[in-house]
1. Just checking, does segment B:39-50 include any residue being crowded, with 22+ Cβ neighbours inside 10 Å and touching a strand residue (DSSP E or B) at 6+ places or on another chain (Cβ under 7 Å)?
2. So if I check each of A:230, A:180, A:196, which one is at pLDDT 95 or above and either at the interface with chain B (Cβ under 10 Å from one of its Cβ atoms) or assigned to a helix (DSSP H, G or I) (or both)?
3. Just the residues that are more than 19 Å from residue A:4 (Cα to Cα), buried (at least 19 other Cβ atoms within 10 Å of the Cβ) and more than 7 Å from chain A (Cβ to nearest Cβ), please, taken from segment B:66-102.
4. Given the residues A:201, A:189, A:206, A:166, which is the only one that is buried (at least 16 other Cβ atoms within 10 Å of the Cβ), part of a helix (DSSP H, G or I), within 9 Å of chain B (Cβ to nearest Cβ) and in contact (Cβ under 8 Å) with a residue 60 or more places away in the chain?
5. Considering segment A:24-52 alone, what residues qualify as being part of a loop (DSSP other than H, G, I, E, B) and either within 17 Å of the chain's Cα centre (by Cα) or at pLDDT 95 or above (or both)?
6. Being over 27 Å from residue A:56 (Cβ atoms) and assigned to a helix (DSSP H, G or I) is the filter here, so list the residues in segment A:118-157 that pass it.
7. Could you please find all residues in segment A:33-75 being closer than 17 Å to residue A:21 by Cβ and within 13 Å of another protein chain (Cβ to nearest Cβ)?
8. Please go through (1) within 10 Å of another protein chain (Cβ to nearest Cβ); (2) not in a helix (DSSP H, G or I) for residue A:251 and return the number of the only condition it doesn't satisfy.
């Protein structure tokens with residue numbers, strides 16, 4: 001049971017931290033709970049499908065299928081988070097000012113929010129498919145159903161509790177800065193996911209490492225520890241990153257910050273609030 | 001929309017295929033009864049190596065190392081390839097994430 005609980009805990013922790021950041025970032029949105037629960041449900045269903053198709057995926061691209069799939073899921077999440085934070089950078093202040101009348105502003109940006117909630121599904125799918133394969137192996141090795149169920153329950157509760165603690169902590173941030181902080185967290189999360197994606201492509205030799213250990217702090221703070229894992233979600237911490245991972249990290253950071261600043265500069269404080277979400281994205285300018 | 005095309009293009013442009021050196025050293029690991037064989041693998045320092053990992057068990061395993069930052073599923077009776085390094089000299093741990101109590105190994109880079 002401890003083995004089951006520990007593995008489930010580690011996987012749930014990562015997904016739970018991502019979900020709690022997204023829950024904070026969508027604070028005040030009507031119908032958010034249903035969307036988050038729906039995202040988790042879709043993620044679980046996706047995890048089962050991915051686990052079933054794991055062998056098929058692994059054979060693709062002459063054996064690199066698994067790494068390409070993981071990288072694609074992560075980069076898709078990065079794009080969705082990027083889209084959302086750039087949209088938010090023009091609407092965040094309105095949201096903070098009118099927390100009570102958030103509904104109408106959010107409706108206009110609902111496509112952006114749906115993207116963000118898809119990130120919930122992707123996070124659950126990625127971590128969940130590993131859990132499913134692990135549990136399949138465990139059940140084949142003759143562990144009792146009680147031990148299995150106990151381990152799963154313990155792992156989920158532990159991971160979810162830490163995610164919930166992060167969420168409650170975030171709620172203490174004063175409302176004036178609230179969406180600024182959640183936006184920064186989303187940007188750092190996206191940068192970390194991009195760096196993880198690069199790692200998958202390096203391990204199947206699809207990208208050059210550009211230096212495989214830029215630094216090595218594995219003995220100081222292992223990626224495997226609860227703190228290391230938490231920091232890896234929150235700020236993209238890696239104990240021994242490849243150069244290309246840093247390149248992905250800082251490129252994502254730079255592009256998203258540039259996009260947010262550009263969007264803030266372009267936005268008209270009041271009149272733009274009636275336009276659709278898609279139109280509030282930066283226009284091409286000569 | 002434009003911005004995201006730029007983002008996508010920038011990320012896409014970095015997906016250049018990397019020529020694999022013909023003389024890249026290759027090594028093999030076998031997972032049997034949730035144990036790595038051999039449990040100690042010596043590889044040269046400062047060189048990228050190609051590592052074949054075969055799962056001889058009937059249950060899935062995940063080859064993982066937090067020391068040298070690798071993570072890859074190995075399904076039952078399947079082999080995978082993981083490229084490692086170039087690493088600095090030293091001893092690095094790896095393990096099987098699904099059977100941590102038994103599946104432990106060390107990569108000795110010298």
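The values are calculated or read from the model by the stated rules, or taken from the named source; none is laboratory data. All values reported here derive from a predicted model rather than from experimental measurement. Here the Cβ positions follow ideal geometry from the backbone for every residue, glycine too, while neighbour counts run over all protein chains shown.
1. Applying the first criterion (crowded, with 22+ Cβ neighbours inside 10 Å) to segment B:39-50 yields none.
Within segment B:39-50, none of the residues are crowded, with 22+ Cβ neighbours inside 10 Å and touching a strand residue (DSSP E or B) at 6+ places or on another chain (Cβ under 7 Å).
2. Numbers: A:230 fails: at pLDDT 95 or above; A:180 fails: at pLDDT 95 or above.
A:196 is the lone residue from the list that is at pLDDT 95 or above and either at the interface with chain B (Cβ under 10 Å from one of its Cβ atoms) or assigned to a helix (DSSP H, G or I) (or both).
3. Answer for segment B:66-102, where residues must be more than 19 Å from residue A:4 (Cα to Cα), buried (at least 19 other Cβ atoms within 10 Å of the Cβ) and more than 7 Å from chain A (Cβ to nearest Cβ): B:84, B:92, B:94.
4. Details: A:189 fails: within 9 Å of chain B (Cβ to nearest Cβ); A:206 fails: part of a helix (DSSP H, G or I); A:166 fails: within 9 Å of chain B (Cβ to nearest Cβ).
When all the criteria are applied, what remains is A:201.
5. Within segment A:24-52, the subset part of a loop (DSSP other than H, G, I, E, B) is A:26-31.
Listed by number, the residues that qualify are A:26, A:27.
6. Correct list: A:145, A:146, A:147, A:149, A:150, A:151, A:153, A:154, A:155, A:156, A:157.
7. The first filter runs over segment A:33-75 and keeps only residues closer than 17 Å to residue A:21 by Cβ, leaving A:33, A:35-37, A:39-40, A:43, A:74.
The answer is A:74, and nothing else.
8. (2)
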